[in-house]
Amino acid sequence: MALEIPNGWTLCASSFNWTPEIIAAARTAQDIVTGIADSVTKTIEIEPGLLWRSFPAPQDGEVDALRHGLASKGGRVSIVGASLDDFTSPTGRRTLQERLDFLVPQLQAARRAGAIGVRLPIGQAGTELLALVQPLLHELDLVLYEEIQGQQTPGNPAVAPALKAIAGLADDRVRVLVDISMLMPALPVSYLEELRRGGVAPDLLERLENDWQDPATHDAVTALLRSGQVPPRIHTLFMNLLIRFGRSDAADLQDVLPLVGAFHLKFWDLDDDSSRVSQPLRDLGGLLGRNGFTGTLTSEWGGHEWLQDDPTDMTRRHLALAETALAQPVDNLISTGSITG
């Protein structure tokens, strides 16, 4: 019998996976996104800045066209990636009311699109804006998710106050979204190959390949960056080591899990050497199964930054791998009577 994830877990795909194809514009963005529902999965997280020309104040016609196009394929929107541009110029910061006015049309568009929620980076809204947005979230039947990822661990001094603020609201309309780029036992093989081609020194590459989770590796990465000797061609790519790639374990999420309503199942490639892709998913499945999680788990491919692979094929394969890996520990827990199915 095939393993299955619990009924309360919804597997989704992010339109972000198709970013290079959307930018290439050989097909319209709407056609690409509706194609996801037709050939990959029915529930889709969208990045409206890539889809709607009228964003950040989406026009009803654009929103309705996407919703109806998805519905014609049996598809729907899960979460909408919101934006909060805090500055009107390099020196002019928006007032609290202006920030609210910037965000409200996006919330209204998300509701019109049929989404369950919107997403912002952790802490960007701040407590004052969250307090103003709360009544509208209830009115529109939306959840605001604040995302943590990479090295933004729950204990990170820059993150902990925002998590505390969300906990203090005690409102299911304001939740946390965890990107599992936080849970990386090893770096992606394809990424390491890109660094090698880009000219990163062999001694640092050896550290990155074999000792990613060692704090001394982080120190070595920082030292090279400060020395100014990162090869220019891969400078942006190199910054992933300090921002987008984490080194935590699933157990580190235990205390914050009551606040979490969604996950990004971030992947970079599908080379599962030493279970670098599947093990974090198995660990996460066990943690969620033990704690009665319900919510969305969205396949999000970040590797198109350096890979030219087909996003449809990559996302299909990742979803299949993720479903098996997530279900395995849950199935074990059910069979041993640790949880009930």
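The values are calculated or read from the model by the stated rules, or taken from the named source; none is laboratory data. This one's a predicted model, so the numbers in the text were calculated from it and none came from an experiment. Cβ atoms come from the backbone with ideal geometry, glycine included; neighbour counts cover every protein chain shown.
Tabulated results
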| quantity | calculated |
| --- | --- |
| V230, sole failed condition from (1) surrounded by 19 or more Cβ atoms within 10 Å (Cβ to Cβ); (2) under 26 Å from V143 (Cα atoms) | (2) |
| So Q124, is it modelled with pLDDT of 95 or more, in a loop (DSSP other than H, G, I, E, B) and surrounded by fewer than 17 Cβ atoms within 10 Å (Cβ to Cβ) | yes |
| Tally of residues being within 19 Å of N17 (Cα to Cα), more than 16 Å from the chain's Cα centre (by Cα) and crowded, with 18+ Cβ neighbours inside 10 Å across segment 239-277 | 1 |
| Residue satisfying condition, being buried (at least 23 other Cβ atoms within 10 Å of the Cβ) and assigned to a loop (DSSP other than H, G, I, E, B), within set A110, A115 | A115 |
| Breaking point among (1) in contact (Cβ under 8 Å) with a residue 40 or more places away in the chain; (2) buried (at least 17 other Cβ atoms within 10 Å of the Cβ); (3) over 19 Å from the mean Cα position of the chain (by Cα), for A57 | (2) |
| Residues of segment 185-208 that turn out to be part of a helix (DSSP H, G or I) and β-branched (V, I, T), as a count | 1 |
| The one condition in (1) touching a strand residue (DSSP E or B) at 6+ places or on another chain (Cβ under 9 Å); (2) under 16 Å from Q152 (Cβ atoms); (3) not in a loop (DSSP other than H, G, I, E, B) that D252 fails to fulfil | (1) |
| Residue within segment 64-76 that is buried (at least 17 other Cβ atoms within 10 Å of the Cβ) and in a loop (DSSP other than H, G, I, E, B) present | yes |
| Condition check for A158: out of contact with any Pro (no Cβ under 8 Å at 6 or more places or on another chain), outside any helix (DSSP H, G or I) and more than 13 Å from R247 (Cβ to Cβ) | yes |
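This table checks each residue for (1) of a type outside the set (S, T, N, Q); (2) buried (at least 19 other Cβ atoms within 10 Å of the Cβ).
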| position | (1), (2) |
| --- | --- |
| Q97 | no, no |
| H138 | yes, no |
| Q151 | no, yes |
| P154 | yes, yes |
